[in-house]
Amino acid sequence: MLQQPNLAGSVNQRKLIVVLLPDQQYELDWEGGDLQTEADTAELLLHNSLYKLYRQHPDDFLLALSLTQQLSDQWSESLRFLRRIGAAFIKGVARYPEMERLRLDATIPLEDEDVERWLTGAPFFVGGEYLNRGFIEEIWNGLHRGLASSLNQYSGTVSQWFATNCPDVQPTGRVYFHMVESKEGSEYPFSFLSTYASEKQAEGKTRHLPLKQALVEYGENSGKLLELLSTVHHAAESSSLIRELVDSGDLFYPIGLTTEEAYTFLREVIQYEEAGIMCRIPKWWRSKSNSLKLNVSVGDREPSRLNREALLSFQAELWLGGDVFTADELRQLLAEQEGLALIKGKWVEVNHKRLQQALDAYEQASKAAGGSGISIVEAMQLHLQSERALQVDPDKVEVEVEVTNGEWLESVMSELRQPERIEALVSTGDDFRADLRAYQTRGVSWLHLMKTLGLGACLADDMGLGKTVQIIALLNHIRMQNKERALLVVPASLIGNWMSELDKFAPSLHYYVCHPSVNKNIQEADALAEDIGLVITTYGMLAKYEWLQQHHWDSLILDEAQAIKNPGTKQTKLVKQMNASFKVAMTGTPIENRLGDLWSLFDFLNKGLLGTAKEFTSFTRKLRESVEGYMRLRQVVSPFILRRLKTDRTIITDLPDKIEMKTYATLTRKQVVLYNKLVKELQAKLESTEDGIGRKGLVLAALMKFKQICNHPDQYLGQQVYAEQDSGKYARLREICETIYEKRERVLIFTQFKEITESLRAFLEPIFQHKGLVLHGETQVSKRKELVDAFQSKEYVPFMVLSIKAGGVGLNLTAANHVIHFDRWWNPAVENQATDRAFRIGQQKNVIVHKFITQGTVEEKIDQIITDKLRLSNEIVPDIQENWITEMDNGQLLDLMRLS
């Protein structure tokens, strides 16, 4: 018997999810969820046992998952998806005719149409962007290995294996039913024949013979004959047609079928196959080409004007058997007898109920088309919920409603989905001081096209691919073309980043920061100078200054747009009330991971595209019933989302292996007070201290204290609270690590202070919802290898906090593809050594290095000195740490330390 998961063990109050990885691999992880009922306890016990099996034998886990019958609403969509593939594999095994003979050598074919259906109908889950045929093939191969291992340990027949492990599935017997079209002019339009797979083989291959030969082969051995016909008798229990063939003996001979008999046979094929009989029937019955459907085509011609309100052409057609039918022709079919009819040289199904439903839907669609047209957003809505838009109740109507884009609309949507097809006509200007990479240039063109169309755009490139510089390039282009004004809304911790990037890349793009940390006397829009093309503010300021909400903005840009993922918050409601012609959302987080977040974001970008919250909830409830719903949802949202991955082959060749970025944080009010107080104390001490060792010690001690204040006030004060709101760096750390966690990537956080390592761990564990690791100078040597092995293991350990002295050399931590220097060592050689714990031989991913700098402080000023020195001389600052700073005179030192 196949070893099923052991239901004993500890209860984990979470549910199991599947995380896809870039290399066509996957891992299982846990996502938070509270234990509510005893039923949930059993569910979690099952998931715990599945996880344990995955850790020990991944192939056995795949097979056990495929055979699991206990599916409840608590199962994650990603685990359901993996099981869907496994269930298809088990079905393939059950229907594989040579299974008993080949056993361990059997190869279950992976059907192309199944792969396509899984790819297009996959739910949204973590790492879903890596889903491709290669991943499905890897799963399929794993299932083969798991099955072979199970059968190798099982002494019974394959049928007995199914009875033991999967009693609800009837494996295919050796009887086959064949139905084909007869030659033209035949008395009976269809022919029927039963065959069987003989046990007498020819050259190692199974022979398929007419069923009547079984009477000869088995002779008086009635037991063998009954065993052969067991699946037939099983089918006869629910089918009067098969029962009559058995009772009359016609089952053993070729016979003709009337259209009525053929129609009955075709409708019952599923029953026969579930009984274990393989059926060979005409392809047109199984394929959709035989189906009756209403096709609505939108946007065949380019509208007279191009914007969000542009009206697109709208045309409805009826299709049957792969041909277009007029309404009158369908009405004529209503006069025909139900069943199979030969029309236009093809056999089609005549179903009065569905014909009438199709006509009603056609008339409703024609009424909708009778107006002046529909907008682009309305056209995309049709794709998502065509039945609702055309007032067709899918629970009562069996007609397929298909929406297609016309020639012009399809060309536009194709460009939006594939930015490389957009003609690059956007000029960033002579004074734009950045060399955009090819994919970034395409991104700017894509944003410009979206603006031209008046459609909201989500720029969701991976962290490190330069979303900020693409937005700046677009704004600089707009500045040269028109007098427009954009509003940029960011978390307070990102103000410094944006100011730095704007000054660096687009010095002619004048901006105004609406935040008291930069401008104490806030001016309203009308009072700003005419050349101000960009206003920067924070989510918190929107509620404070009404003029931000009342002013009409040409463009409204949200950075870290996951800030509006919760539609019920006051902040989200305020953002959605903003008045703007063009809206952009920036995020490095995969927005498809949670459908509620997706709806809220699109309710901002293109209101109405995904319906109301109630309508979208109703739609998502039905996704499990029909995987085509995910395909439609993806089709609708994908043109509005530009997401490039560091793993894309078209991107990775354009990127360095190590991406270094300066990440700016702003001081909180508490940090500012302590910082200024320390500057005054230093000034007083410098004035009363003579040059020498004492002065050097004073300066180095002050530098250490300034670093501590920039990290967190509690570190400087020796307290242990470490509240997030008291530190700009902690707020910035959360934003970065939330994105890292959404992609289930890993990060190393370096600090020179051992005393803050435990605080960082305590802060990060709730963000990652997993335990992290800490390594510093007091970590026992014997435990270091244990920590490294744990971090490098297959189990998801999201972060390690290291003191730079203890962890800066000698460790191999290539599981991480992010490195954060929480506080700066101010020695590039030492920092690079630490970074190389991840960026070294064996690293398969691009490594992103985040160097934290607190804006306006000694951290920013020393960083600029080092940058200038490296740029001028390409030399490393002396290795004697910060000793070079002590050589400055008092005036230089105070200028370096003061807040600016």
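The values are calculated or read from the model by the stated rules, or taken from the named source; none is laboratory data. Everything quoted here is computed from the prediction, not taken from an experiment. With ideal geometry, Cβ positions are generated from the backbone for all residues, glycine too; neighbour counts draw on all protein chains shown.
Summary of computed values
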quantity: Qualifying position, being among the β-branched types (Val, Ile, Thr) and surrounded by fewer than 21 Cβ atoms within 10 Å (Cβ to Cβ), among 781, 819; calculated: 781
quantity: Any hit, region 318-327, residues being within 18 Å of residue 291 (Cβ to Cβ) and in contact with an Asp or Glu (Cβ under 6 Å, 6 or more places away or on another chain); calculated: yes
quantity: Yes/no for residue 470 being out of contact with any Leu (no Cβ under 6 Å at 6 or more places or on another chain), at pLDDT 95 or above and either small (Gly, Ala, Ser) or in the same structural domain as residue 602 (by TED's automatic domain parsing) (or both); calculated: yes
quantity: Test: residue 170 is touching a Gly at 6+ places or on another chain (Cβ under 6 Å), outside the structural domain of residue 258 (by TED's automatic domain parsing) and either not in a loop (DSSP other than H, G, I, E, B) or not basic (Lys, Arg) (or both); calculated: yes
quantity: Residues (among the aliphatic types (A, V, I, L, M), assigned to a helix (DSSP H, G or I) and at pLDDT 80 or above) located in region 848-900; calculated: 858, 862, 865, 866, 885, 893, 894, 896, 897
quantity: Residues satisfying the stated conditions in region 85-128, i.e. under 19 Å from residue 633 (Cα atoms) and not in a helix (DSSP H, G or I); calculated: 121, 122, 123, 124, 125, 126, 127
quantity: Residues of region 794-833 satisfying the condition of being part of a loop (DSSP other than H, G, I, E, B), over 10 Å from residue 749 (Cα atoms) and among the charged types (D, E, K, R); calculated: 794, 795, 824
quantity: Scan of region 484-513 for residues that are of a type in the set (Gly, Ala, Ser) and closer than 15 Å to residue 555 by Cα, ordered by number; calculated: 486
quantity: Residue identified as out of contact with any Gly (no Cβ under 7 Å at 6 or more places or on another chain) and on the phi > 0 side of the Ramachandran plot among 464, 496, 456; calculated: 464
quantity: Near pairs, Cβ below 7 angstrom, 6+ apart or cross-chain, from region 444-470 (under 19 Å from residue 850 (Cβ atoms)) to any residue that is among the acidic types (Asp, Glu); calculated: 467/461; 468/501; 469/501
quantity: Filter result for the condition that a residue is touching a residue at least 60 places away in the same chain (Cβ under 8 Å), surrounded by 20 or more Cβ atoms within 10 Å (Cβ to Cβ) and touching a helix residue (DSSP H, G or I) at 6+ places or on another chain (Cβ under 6 Å), over 121, 127, 146; calculated: 146
quantity: Residue 176 modelled with pLDDT of 85 or more and under 46 Å from the mean Cα position of the chain (by Cα); calculated: yes
quantity: Every residue from region 163-192 that is surrounded by fewer than 17 Cβ atoms within 10 Å (Cβ to Cβ) and either closer than 15 Å to residue 230 by Cβ or of a type outside the set (Gly, Ala, Ser) (or both); calculated: 163, 164, 167, 168, 178, 180, 181, 183, 184, 187, 188
quantity: Candidates 521, 482, filtered to the one that is polar (S, T, N, Q) and either more than 29 Å from residue 643 (Cβ to Cβ) or under 33 Å from the mean Cα position of the chain (by Cα) (or both); calculated: 521
quantity: Residue 799 vs. criteria surrounded by 21 or more Cβ atoms within 10 Å (Cβ to Cβ) and either modelled with pLDDT under 90 or over 24 Å from residue 829 (Cβ atoms) (or both); calculated: yes
quantity: Candidates 740, 749, 756, 736, filtered to the one that is part of a helix (DSSP H, G or I), touching a helix residue (DSSP H, G or I) at 6+ places or on another chain (Cβ under 7 Å) and not assigned by TED's automatic domain parsing to the domain that holds residue 493; calculated: 756
quantity: Failed criterion for residue 140 (all others in (1) under 30 Å from residue 638 (Cβ atoms); (2) without any contact (Cβ under 8 Å) to a residue 40 or more places away in the chain; (3) among the hydrophobic types (A, V, I, L, M, F, W, C) hold); calculated: (2)
quantity: Condition broken by residue 837, with the remaining ones in (1) modelled with pLDDT of 85 or more; (2) among the charged types (D, E, K, R); (3) assigned to a loop (DSSP other than H, G, I, E, B) satisfied; calculated: (1)
quantity: Residues that are hydrophobic (A, V, I, L, M, F, W, C), touching a Phe, Trp or Tyr at 6+ places or on another chain (Cβ under 9 Å) and crowded, with 21+ Cβ neighbours inside 10 Å, drawn from region 576-590; calculated: 582, 585
quantity: Condition check for residue 204: at pLDDT below 95 and either of a type outside the set (Phe, Trp, Tyr) or under 17 Å from residue 251 (Cβ atoms) (or both); calculated: yes
quantity: Lone qualifier among 791, 763 - being under 31 Å from the mean Cα position of the chain (by Cα), part of a helix (DSSP H, G or I), within 20 Å of residue 29 (Cβ to Cβ) and in the same structural domain as residue 665 (by TED's automatic domain parsing); calculated: 791
quantity: Test for residue 727: is it of a type in the set (Gly, Ala, Ser), modelled with pLDDT of 90 or more, out of contact with any strand residue (DSSP E or B) (no Cβ under 7 Å at 6 or more places or on another chain) and outside the structural domain of residue 866 (by TED's automatic domain parsing); calculated: no
quantity: Unique match (being outside the structural domain of residue 276 (by TED's automatic domain parsing), in contact with a Ser or Thr (Cβ under 9 Å, 6 or more places away or on another chain) and without any contact (Cβ under 8 Å) to a residue 60 or more places away in the chain) among 85, 108; calculated: 85
quantity: Test: residue in region 456-463 that is more than 25 Å from residue 738 (Cα to Cα), at pLDDT 90 or above and not assigned by TED's automatic domain parsing to the domain that holds residue 734; calculated: no
quantity: Wholly within region 249-354, helices (runs of 4 or more DSSP H) carrying at least 2 residues that are closer than 25 Å to residue 233 by Cβ; calculated: 259-267, 269-274
